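Undergrad: Following this message is one structure expressed as structure tokens.
None of the figures in this text is laboratory data; all of them are computed from the coordinates on show. For clarity, every value in this text was computed on a predicted model and none was experimentally measured. Quick reminder, even Gly has a Cβ in these numbers, built from the backbone with ideal geometry, and neighbours come from all protein chains shown.
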Amino acid sequence: MAEHKLIFMYEGEFTQDIILSLLRVAEKKMNALGENLKVTRKVFNVMTECLQNIVKYSDQIPAEAVQVANTDTETTTTEPNESVSLNPDTKPANAADVVTTDEEDAEEEIPEVVVYEPLFIIGRRPENKYAIATGNIILNEKIEAMQERLDLINGLDKFGLLKYYQKTVKANMKRDKDKETDLDRNSAGLGFIDMARKSGNKFGYDFKPVNDEFSYFYLLVTV
């Protein structure tokens, strides 16, 4: 038996309309699996936060800075219903989508270009738990603050998360929104705390370097 079962995966642009569509698809698939309403709502709430975080924390790599891929490296794709590994030590197998050209009249070989698109995956585990994985580009200058925040949340128990949530709400009420940076604004959000409280589990995460300016941020939440 496969350790994990892929429900569906989406890689590409994320907008509010697309997020709503993804949530509808996920809900239908979970209903088709015969999942009970309580679990469906719990997963749905965590999914919503995960998808919103992709929009909040994604940065864009300039077109001239995209990475030229190593053509000797084998690229794998994941088909629907194929077993996948969704655990904190494993990055998305297809976090980077390789774009190639196969025009017959090309006079010289065109190098493959790696495009790091935002990614969303949801899978089901044998013990009736759900693994939700996301991936997106992030500026390297944001990594330290992001890692500190995730480690802090991972180190808290249920009561500690509640206290941290309350503290963050109070701090947000006192923020000077005219002076804060984009990083400050995103860090002030409650999304990660909400996900930890609703999932009841620790985050798995990693930062895969893309170049000197950007990395690919991978997050895993188990519900």
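Undergrad: Sticking with the crude label model, points 7 Å out along Cα→Cβ, report the distance from residue 167 to residue 207 in nm, one decimal please.
TA: Spacing of the two 7 Å Cα→Cβ label points: 2.2 nm.
Undergrad: Test of understanding: ordering 141, 35 by Cβ neighbours within 10 Å, fewest first, what list do you get? The partial results should precede the final answer.
TA: Numbers: 141 11, 35 18.
Going from sparsest to densest Cβ surroundings: 141, 35.
Undergrad: Still on this structure, I have one more. Given labels modelled 7 Å from the Cα in the Cβ direction, how far is it in nm from residue 190 to residue 24?
TA: According to this spin-label approximation, the distance is 2.8 nm.
Undergrad: With a 10 Å Cβ neighbour count serving as the proxy for reagent exposure, in which order, fewest first, do 161, 219 appear?
TA: Listing 161, 219 from fewest to most nearby Cβ atoms yields 161, 219.
Undergrad: For each pair in 28/158; 163/202; 170/208, compute the distance between the two Cα atoms and list the pairs where it is over 22 Å.
TA: On the way: 28/158 31 Å; 163/202 17 Å; 170/208 34 Å.
Checking Cα-Cα distances, 28/158; 170/208 exceed 22 Å.
Undergrad: Another question, if that's okay. Which FRET efficiency value, to the nearest 0.05, is calculated for residue 144 and residue 33 with the Förster distance at 45 angstrom and r the Cβ-Cβ distance?
TA: 0.70
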